[in-house]
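The values are calculated or read from the model by the stated rules, or taken from the named source; none is laboratory data. Here the structure is a predicted model, which is why all the values come from computation and not from measurement. Backbone-built Cβ (ideal geometry, glycine too); neighbour counts: all protein chains shown. Ligands, DNA and RNA are stripped out before the accessible areas are found, and what is left, the full protein with its side chains, is counted by its heavy atoms. Shrake-Rupley method; radii C 1.70, N 1.55, O 1.52, S 1.80 Å.
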4 protein chains.
Amino acid sequence: MLDALREEVLEANLELVRRGLVIYTFGNASGIDRGSGLVVIKPSGVPYEKMTPADLVITDLEGRIIEGKLRPSSDLDTHLVLYRTYLSIGGVVHTHSEAATAWAQARKEIPCLGTTHADYFHGPVPVTHPLEPAEIQNDYEENTGIAIVRRFTGGGLNPSEVPGVLVAGHGPFAWGETALEAAHNAVILEYLAKMAAATLTINPAASPISTELHDQHFFRKHGSGATYGQPDC
Amino acid sequence: MLDALREEVLEANLELVRRGLVIYTFGNASGIDRGSGLVVIKPSGVPYEKMTPADLVITDLEGRIIEGKLRPSSDLDTHLVLYRTYLSIGGVVHTHSEAATAWAQARKEIPCLGTTHADYFHGPVPVTHPLEPAEIQNDYEENTGIAIVRRFTGGGLNPSEVPGVLVAGHGPFAWGETALEAAHNAVILEYLAKMAAATLTINPAASPISTELHDQHFFRKHGSGATYGQPDC
Amino acid sequence: MLDALREEVLEANLELVRRGLVIYTFGNASGIDRGSGLVVIKPSGVPYEKMTPADLVITDLEGRIIEGKLRPSSDLDTHLVLYRTYLSIGGVVHTHSEAATAWAQARKEIPCLGTTHADYFHGPVPVTHPLEPAEIQNDYEENTGIAIVRRFTGGGLNPSEVPGVLVAGHGPFAWGETALEAAHNAVILEYLAKMAAATLTINPAASPISTELHDQHFFRKHGSGATYGQPDC
Amino acid sequence: MLDALREEVLEANLELVRRGLVIYTFGNASGIDRGSGLVVIKPSGVPYEKMTPADLVITDLEGRIIEGKLRPSSDLDTHLVLYRTYLSIGGVVHTHSEAATAWAQARKEIPCLGTTHADYFHGPVPVTHPLEPAEIQNDYEENTGIAIVRRFTGGGLNPSEVPGVLVAGHGPFAWGETALEAAHNAVILEYLAKMAAATLTINPAASPISTELHDQHFFRKHGSGATYGQPDC
């Protein structure tokens, strides 16, 4: 069932290992089949080196297990909020990658200091507001997803133009049209986070690039006017 | 004698190499067989690439060599204090891993700035008080262990909830129910230490996460109410 | 057509991957055949692991495609400005390597703090002035090249003695007599950038080395009096 | 001629590559045969991956080439000053390793902030005074060696207890009883340098460890009372 999606979600999880974003059983990637409304997600606490497509868990959008013998990732409910709220999202990734997590722990949004950032994120990488005690003690994972949505809605942000977020005191979530694109965006987010911290160490007064430069780079890679890459790639 | 424990302790030592926590002959891991009260520990100054299970040294809880042709790790007496004091500890690891050692050298406890930390340590990672000259000049390694215990007792800390410590001006010790879990906790401690330093570089005023968030994450992975991972893993 | 140059340019691109300067499809290297005035450049958005010499694109100095089925790198026009302006340049490389990009984002030139820098760059690594909005919105890539030339001309800089530049808010370009030398200089630039940032973290008041030391090292490796390396290497 | 020493010096050079202390043709290691007074050193500007024992150059203590078709390392004269001045030195290594070079560029000695440092260096890692213009323009490499000796003599330092130095604005030299020990000490120096910088970032007021702790660690590994390692290792 959903064999191709299982393969892709496994590959997205392994990409996180290969790129150094996760160690041990950290992190999780999922993907959704919009036709059936079913989600494929990494099992909880299973080492990556032993993981097979058959270990992945299939749930519906309410989190009921449809197929799989293992427990799904403990962050499943956060993924589900994102899938239910944003129909453009086909894959979600969560990591504790070092630099992005440091920004999340610092509770600072990542300003757009250069074109690498602008190539992928249209605007700063936002950070959520901390959860209230009651939101932590009940339905914590779902409330984490709701805090992300609240931040995007309150800030007028478009998840197709801002493919990731920092959850305050926790770490990054990234997404994309597919699970592999979500993993790719998680790698980029870590790269941006590391460079932004280094930039501000060199020059604490460094300021964001101009709107014109930001737009030029973002729209060179996104939307109908994009010229980057190959037409049929 | 104690062949399975020898294998596990060797594996714990090699895990430190694989994860980049030690170079050359740095670091040491040990494990205890509580039935016989015997400890298996790395030999002193032997390169990891040549180490075999037979090279490991077996001592009793007073440090008398029971089996082995090589000298035990020079830090043996620190390990023994921990085993004698805390019956819940089955494995001990000592490294000079870069980030955790930097915190130990800075003589600062590592505050809990995020959920990665809270997943493993219930509270900050404590730092010992420096030893007095007389404690250094006599029974130095044993006194290092006593300084750790003093810090835990004085601070009302539970070694099952705080599986590691920074020895001031020296480096980290970590422990667990087994030697492999001790090595795992040493890797996590290094990871936390690196992220905490990066966080405070980004935002020197970053504050610890709330007690509610800390507890939520710690008890999601520990104790009878844990939901992380697989029931039979 | 230009098979040897294709091989060299591919090798220069792969050197960027091997040395950790680029991930995914980041970065681009090109080389020019001065006899025919033809440029060989990396295609846009093609993963390095799949790239073959045949995938590279050949253009003339005006950017017209002479051979190749794929789109050339989106930064082609910047390369072409450099080739048209400086006849001594035989290869150009652009990356978003972490430390050099951090300096570019900080909009700070890299001072010559030591002999490693002086071995390769005669003077600081300059940074361009930000482009005006109109320069970004029209012929952006060509205007990026013009901003580099303007910085060199205005500063009285010689591209044979200063084989690289930081484009403000963007990242480094490096060059050399060949594509491989350009890649080599890009690696060195990243190395210098990382060490300069670390130096200023240790000592914010660190000052550049003396003119005498700078010249001694630069001319030990460059020009008719060079003594470094082997006479026939 | 001197085949075993050739092998060891090649191995010491390759150790610098394996441990990430050098890239391309950076760095150089040498060893001396005290019986004949002959020095084996890396050739200048030859890539490590192609180097064979036969490529190494043999000179006498005045730098006259005794055997070898290639030019010796351009830093030969610095090595020779150290061999002529300190009879206890059997091997010398020079690198531009990142963290140690950053300290050299910052012109700050590395304080002994922890026991890792104390295990190898008895006191801070010293930094030389900058050379005068005339010392740079004539016999530069020899004067670099003289500046090291001047720093040790002026500071009452013993090269057997302080097996390395930072040359101001340049980078580290390390030494030992053999070429391999010199390479080992260069690796340790880089490790110490990295941790010291990280320590001061975490706590700018961090102070050196006590004399008692410093001595305890240094003499646990050095001198007649050493207890670290195996008696016959």
Among the residues listed as B:231, B:208, B:204, the single one being in contact with a Leu (Cβ under 7 Å, 6 or more places away or on another chain), within 14 Å of chain A (Cβ to nearest Cβ) and open to solvent by 50 Å² or more (accessible area, probe 1.4 Å): B:208
Residue among A:46, A:57 that is among the aliphatic types (A, V, I, L, M) and touching a Cys at 6+ places or on another chain (Cβ under 8 Å): A:46
Residues satisfying the stated conditions in region A:14-30, i.e. assigned to a helix (DSSP H, G or I) and either surrounded by 24 or more Cβ atoms within 10 Å (Cβ to Cβ) or of a type in the set (D, E, K, R) (or both): A:15, A:16, A:18
Residues of region B:195-233 that turn out to be touching a residue at least 12 places away in the same chain (Cβ under 8 Å), hydrophobic (A, V, I, L, M, F, W, C) and part of a loop (DSSP other than H, G, I, E, B), as a count: 2
Region D:31-53 - residue that is surrounded by fewer than 20 Cβ atoms within 10 Å (Cβ to Cβ) and either assigned to a helix (DSSP H, G or I) or polar (S, T, N, Q) (or both) and, of those, nearest to the chain's Cα centre (by Cα): D:48
Residue check for residue C:131: in a loop (DSSP other than H, G, I, E, B) and buried (at least 20 other Cβ atoms within 10 Å of the Cβ): yes
Residues of region A:128-169 satisfying the condition of being among the aliphatic types (A, V, I, L, M), in contact (Cβ under 8 Å) with a residue 12 or more places away in the chain and under 20 Å from residue A:74 (Cβ atoms): A:131, A:146, A:147, A:148, A:149, A:165, A:166, A:167, A:168
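Yes/no per residue for (1) more than 12 Å from chain A (Cβ to nearest Cβ); (2) in contact with a Ser or Thr (Cβ under 6 Å, 6 or more places away or on another chain); (3) under 20 Å from residue C:144 (Cβ atoms):
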| position | (1), (2), (3) |
| --- | --- |
| C:81 | yes, no, yes |
| C:91 | yes, yes, yes |
| C:97 | no, no, yes |
| C:105 | no, yes, yes |
| C:113 | yes, yes, no |
| C:116 | yes, no, no |
| C:127 | no, no, yes |
Filtered residues of region D:153-169 (kept if within 11 Å of another protein chain (Cβ to nearest Cβ) and touching a strand residue (DSSP E or B) at 6+ places or on another chain (Cβ under 9 Å)): D:166, D:167, D:168
Qualifying residue in region D:137-160 (condition: of a type outside the set (Val, Ile, Thr), open to solvent by less than 50 Å² (accessible area, probe 1.4 Å), more than 25 Å from residue D:41 (Cβ to Cβ) and assigned to a loop (DSSP other than H, G, I, E, B)): yes
Residue among A:96, A:122 that is surrounded by 19 or more Cβ atoms within 10 Å (Cβ to Cβ), under 27 Å from residue B:196 (Cα atoms) and either within 17 Å of the chain's Cα centre (by Cα) or of a type in the set (A, V, I, L, M) (or both): A:96
Filter result (part of a helix (DSSP H, G or I) and touching a Phe, Trp or Tyr at 6+ places or on another chain (Cβ under 6 Å)) within region C:83-123: C:118
